[in-house]
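The values are calculated or read from the model by the stated rules, or taken from the named source; none is laboratory data. Values in this document were obtained by computation on a predicted structure and should not be read as measured data. Note that we place each Cβ from the backbone using ideal geometry, even for glycine, and neighbour counts take in every protein chain shown.
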């Protein structure tokens with residue numbers, strides 16, 4: 001993300017989601033069993049019993065897991081209200097009872113024998129309806145060269161960390177790959193966010209439709225117009241709803257739909273106009289294209305993303321009101337540093353997700369703001385008239401600073417902050433290395449007080465430092 005655009009970062013999702021069907025319980029349980037076999041091997045996996053029952057969430061209405069059993073000769077029983085909840089419960093057992101560690105760079109999975117018993121039945125419900133993951137940039141900075149084996153590993157990591165809402169934009173140019181990604185995500189009960197029509201069109205549209213109203217956008221990242229300067233269809237042009245609905249019709253015919261879409265209209269771009277009426281019209285046009293496609297009474301969704309300056313409150317009030325309340329889910333993308341919900345009165349009543357952005361440009365330097373990350377979600381939940389409905393991780397690049405993401409993922413299931421970050425980080429180190437060591441603990445406490453206690457934002461690079 002360019003420095004000029006990073007003053008505040010917002011994403012918008014327009015949605016009204018249908019609930020998961022009870023008939024999916026068996027499929028989701030089987031998906032978690034398969035994950036367990038991939039992670040531990042078929043032998044150790046046989047020591048676990050996994051099941052999914054929607055009724056487990058009847059009291060809270062939110063994803064819930066229950067752990068029980070274990071000990072000599074007894075299976076560890078993992079019950080979840082969804083496949084994602086069951087996977088999160090499994091991860092909780094491996095992490096807190098077995099001292100295991102699952103991460104991008106490698107995992108430490110030395111299981112104690114016999115498997116530790118769960119002393120008392122442990123039931124945990126998340127306080128967050130959504131646990132969101134990914135950034136539109138991640139698909140180029142980190143995912144672009146992945147094969148299926150690496151995607152399989154990532155989706156397993158997502159499930160274990162309790163993520164239930166994630167972008168699914170990869171593989172449009174390779175349909176077979178896209179199907180595998182979506183099928184695996186859905187098998188756990190995750191909600192994939194498919195791309196919608198955001199208004200960007202090729203220059204050739206002016207040849208086919210000479211009267212079309214388009215604007216050529218500016219260059220990006222000092223690249224010339226051979227590699228940027230796309231064309232944007234005006235929201236008031238009659239072609240906008242036509243192209244938008246045709247795009248979604250073909251997309252959903254091929255891939256199905258979970259009724260939520262992403263449309264990144266002005267990401268790191270200067271809109272053709274900063275007038276509130278234009279920005280509201282652009283948001284409404286994306287939404288209306290989806291509404292036109294979906295029959296009345298069915299679930300509808302979409303998104304638009306931009307990076308407004310801190311002085312843009314009047315403009316964004318209009319944007320927030322351009323969509324019926326409850327159909328717009330706001331991603332407060334950089335909330336660990338510059339939360340927008342505070343100065344927008346909780347986004348004028350629209351629901352929002354508190355997101356940690358953390359990484360810009362796919363850079364790999366040591367950096368984090370663990371104190372701010374730890375306190376942020378709970379503070380947002382307690383904000384007057386808060387409309388927060390979830391937490392999220394939205395890095396531009398992954399494969400770095402894994403301690404930051406371990407904490408953020410854990411906070412997706414916590415009702416409050418970690419009480420003692422020093423103790424938490426030494427436990428993280430012991431799990432990561434598979435042994436407690438005074439030197440390692442001292443080093444991690446030093447890191448916690450220094451590079452992982454930053455208040456400034458990380459350095460920005462247009463090109464990932466790979």
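Determine whether segment 331-338 contains at least one residue that is at pLDDT below 85, more than 15 Å from residue 389 (Cα to Cα) and in contact with a helix residue (DSSP H, G or I) (Cβ under 8 Å, 6 or more places away or on another chain). Spell out the reasoning first.
Narrowing segment 331-338 to residues at pLDDT below 85: none.
Taking every residue of segment 331-338 in turn, none turns out to be at pLDDT below 85, more than 15 Å from residue 389 (Cα to Cα) and in contact with a helix residue (DSSP H, G or I) (Cβ under 8 Å, 6 or more places away or on another chain).
Screening segment 135-230 for helices (runs of 4 or more DSSP H) wholly inside it with 2 or more residues that are touching a residue at least 60 places away in the same chain (Cβ under 8 Å) and under 23 Å from residue 51 (Cα atoms) returns the ranges 148-160, 175-187.
The one condition from (1) surrounded by fewer than 17 Cβ atoms within 10 Å (Cβ to Cβ); (2) free of Cβ contacts under 8 Å to residues at least 24 places away in the same chain that residue 416 does not meet is (2).
Residues in segment 393-405 that are touching a helix residue (DSSP H, G or I) at 6+ places or on another chain (Cβ under 9 Å), part of a helix (DSSP H, G or I) and crowded, with 20+ Cβ neighbours inside 10 Å: 403, 404. Among the residues of segment 406-435, just one is touching a strand residue (DSSP E or B) at 6+ places or on another chain (Cβ under 6 Å), closer than 16 Å to residue 160 by Cα and not in a helix (DSSP H, G or I), namely 412. Kindly indicate the residue of segment 436-457 that is in contact with a strand residue (DSSP E or B) (Cβ under 8 Å, 6 or more places away or on another chain) and closer than 13 Å to residue 422 by Cβ and also modelled with the lowest pLDDT among those meeting that condition. The extreme case among them is 453. Within segment 239-250, not a single residue is in contact with a strand residue (DSSP E or B) (Cβ under 8 Å, 6 or more places away or on another chain), in the same structural domain as residue 273 (by TED's automatic domain parsing) and not in a helix (DSSP H, G or I). Screening 259, 222 for residues that are more than 27 Å from the chain's Cα centre (by Cα) and at positive phi leaves exactly one candidate, 222. Do the conditions hold for residue 209, that is, is it touching a helix residue (DSSP H, G or I) at 6+ places or on another chain (Cβ under 7 Å) and farther than 25 Å from residue 330 by Cα? Yes: the conditions hold for residue 209.
Each residue in segment 108-126 was checked for being surrounded by fewer than 17 Cβ atoms within 10 Å (Cβ to Cβ) and assigned to a loop (DSSP other than H, G, I, E, B), and 11 pass. If we scan segment 190-211, do we find a residue that is within 27 Å of residue 109 (Cα to Cα) and touching a strand residue (DSSP E or B) at 6+ places or on another chain (Cβ under 8 Å)? Checked against the condition, which is being within 27 Å of residue 109 (Cα to Cα) and touching a strand residue (DSSP E or B) at 6+ places or on another chain (Cβ under 8 Å), segment 190-211 yields at least one hit. Checking each residue of segment 376-387 against the condition of being crowded, with 16+ Cβ neighbours inside 10 Å and within 23 Å of residue 105 (Cα to Cα) gives no match.
Of 186, 129, all but one fail to be at pLDDT 90 or above, surrounded by 19 or more Cβ atoms within 10 Å (Cβ to Cβ) and within 16 Å of the chain's Cα centre (by Cα); the exception is 186.
Selection of segment 271-313 for residues being in contact with a strand residue (DSSP E or B) (Cβ under 6 Å, 6 or more places away or on another chain) and either modelled with pLDDT of 75 or more or not assigned by TED's automatic domain parsing to the domain that holds residue 237 (or both) yields 272, 283, 286, 287, 290.
Could you tell me how many of the residues in segment 345-360 are surrounded by fewer than 21 Cβ atoms within 10 Å (Cβ to Cβ) and part of a loop (DSSP other than H, G, I, E, B)? Adding up the residues that qualify gives 1.
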